[in-house]
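J.: I have a structure here, written as structure tokens, and I will follow up with some questions on it.
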Amino acid sequence: MFDIIQLQKVKSLLVQPKNIVLVSHKNPDGDTIGAALGMFHYLKLKGHTVSAVVPNDFPSFYKWLPGSEEMIIFEKEVSKSRNLIQKADIIFCMDFNSLSRTGTLADDLAKASGIKIMIDHHPEPSDEFMYSFSVVESSSTGEIVFAWIEKLGDVDKISKNAALALYTAIMTDTGSFSYSCNRKETYDIVGKLIHMGVDASLVHRLVYDTFTENRLRLLGFAISERMLVWNDLHTAVIYLTKADLKKYKYQVGDTEGVVNYPLSMENTNLAVLITEKDQLIRMSFRSKGNFDVNKLARNDFNGGGHKNAAGGNSPDSMEKTIDRLRKVLKGYKNDLNYKITL
Ligand code: 5GP
Ligand code: MN
């Protein structure tokens, strides 16, 4: 699974105490936060000086995670983050495979002299890293971090706090074990995490059952008033304007998961969420089965991701974006037309 030579080199790097910075991707999700915090606790226990930097703020439903309060938000603490990155001996890049995924942090990372180590599961990694631990078939970066620490012979240095973070990463990146979850290895690791003290149902509640009233009402509104169903293309689109988000007092994380709901309709193979943010239009793509949204996002919407979950951007207005999406999808009409079979 890992390149043994690279693993040995990193193992010897970590023998002496180092200044280490963990970096997460932009618009952080549970995997990039959980994988970074898992490493954070592990590396601290190994005696290193460790900080974790995230490009922008992350949802409040991850803020119960031990150590999350120590994460430094680049947008809020620019010079502190820059200093840490400049001085780092080692920079771990968690859950992304191209520096551009860190947004405004990318330049600082490119210039940094520290050794860059990528731990990730996205396809088509770039070559900007000195060491790459990329396992595309893995459910999540959290799962890879566990396997990686185990391979280093340090499983006893995974504390309960690290286990909580890694479990959260796996749970969220598999949509609570509903996709990217067909490998036995994932469950072997989950079993070990539970053995280390993780309360799986409690973690589920802390992440998924902590909506504000506004967030739940926004979800209802999105489905009843802002969903377009394109039966000819086996696609459903939810769009949310700036005004919609304002009306429901949008907070970071409030639209997380919204894109999954249209997929619960029979015969819908692609779901798209289009959100109007301050300066740009964000797009989230989810598919069932064969349709490759990574390809769609890369080719047509300046983004990327995995086969069944990807994101992208549009420079156009909401209306134009929806028009263009429909035109683009017409080109994929045959690929979108399939039935899920056993
Ligand atoms: P989400 O729709 O939840 O923002 O993202 C879904 C998946 O696509 C995640 O694995 C995320 O890392 C990836 N992703 C989201 N936006 C982008 C993007 O702009 N570029 C690339 N390469 N990947 C993205
Ligand atoms: Mn991930």
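J.: Using only helices, what value at 222 nm comes out for the chain when you add -39,500 (n - 2.57) per DSSP H run of length 4 or more and divide by the total residues, to the nearest 500 deg cm²/dmol?
T.: -11500 deg cm²/dmol, from helical runs alone.
J.: With every atom except the alpha carbons ignored, what do you get for Rg and Dmax of region 4-208, in angstroms?
T.: In order Rg, Dmax, the Cα atoms of region 4-208 give 15.5, 44 Å.
J.: Run the numbers for residue 260 and residue 79: contour at 0.36 nm per residue of separation, minus the present Cα-Cα distance, in nm.
T.: 61.4 nm
J.: Output the pairs from 184/307; 247/320; 26/192; 11/307; 26/63; 63/246 with a Cα-Cα distance over 27 Å in this structure; if there are none, say none.
T.: In this structure, 26/192; 11/307 exceed 27 Å between Cα atoms.
J.: Next question. P(r) for the chain: what percent of alpha-carbon pairs falls in each 20 Å bin, starting at zero?
T.: 31, 58, 11, 0
J.: Please give every one of the aspartates and glutamates within straight-line cross-link reach of residue 76, meaning a C-alpha to C-alpha distance under 12 Å, and leave out same-chain neighbours fewer than 8 residues apart.
T.: Excluding near neighbours in sequence, the set is 57.
J.: Considering the alpha-carbon set of region 123-212 alone, what are its Rg and its Dmax in angstrom?
T.: Taking only Cα atoms of region 123-212, I get Rg and Dmax of 13.8, 43 Å.
J.: I've got another one for you. Averaged per residue, what accessible surface does region 257-338 expose to a 1.4 Å probe, in Å²?
T.: Heavy-atom SASA per residue in region 257-338 reads 48 Å².
J.: Using 0.36 nm per residue of separation minus the Cα-Cα distance, give me the extension gain between residue 155 and residue 136 in nm, one decimal.
T.: 4.6 nm
J.: Right, something else. For the chain, with the dipole built from +1 on Lys and Arg beta-carbon atoms and -1 on Asp and Glu ones, taken about the Cα centre, which of 110, 121, 270 lies farthest toward the positive end?
T.: 110
J.: Ranked by accessible surface with a 1.4 Å probe, highest first, in what order do 319, 124 come?
T.: From most accessible down to least: 319, 124.
The values are calculated or read from the model by the stated rules, or taken from the named source; none is laboratory data. Everything quoted here is computed from the prediction, not taken from an experiment. Quick reminder, even Gly has a Cβ in these numbers, built from the backbone with ideal geometry, and neighbours come from all protein chains shown. To get the accessible areas, we keep the full protein, side chains included, count just its heavy atoms, and leave off ligands, DNA and RNA. Shrake-Rupley method; radii C 1.70, N 1.55, O 1.52, S 1.80 Å.
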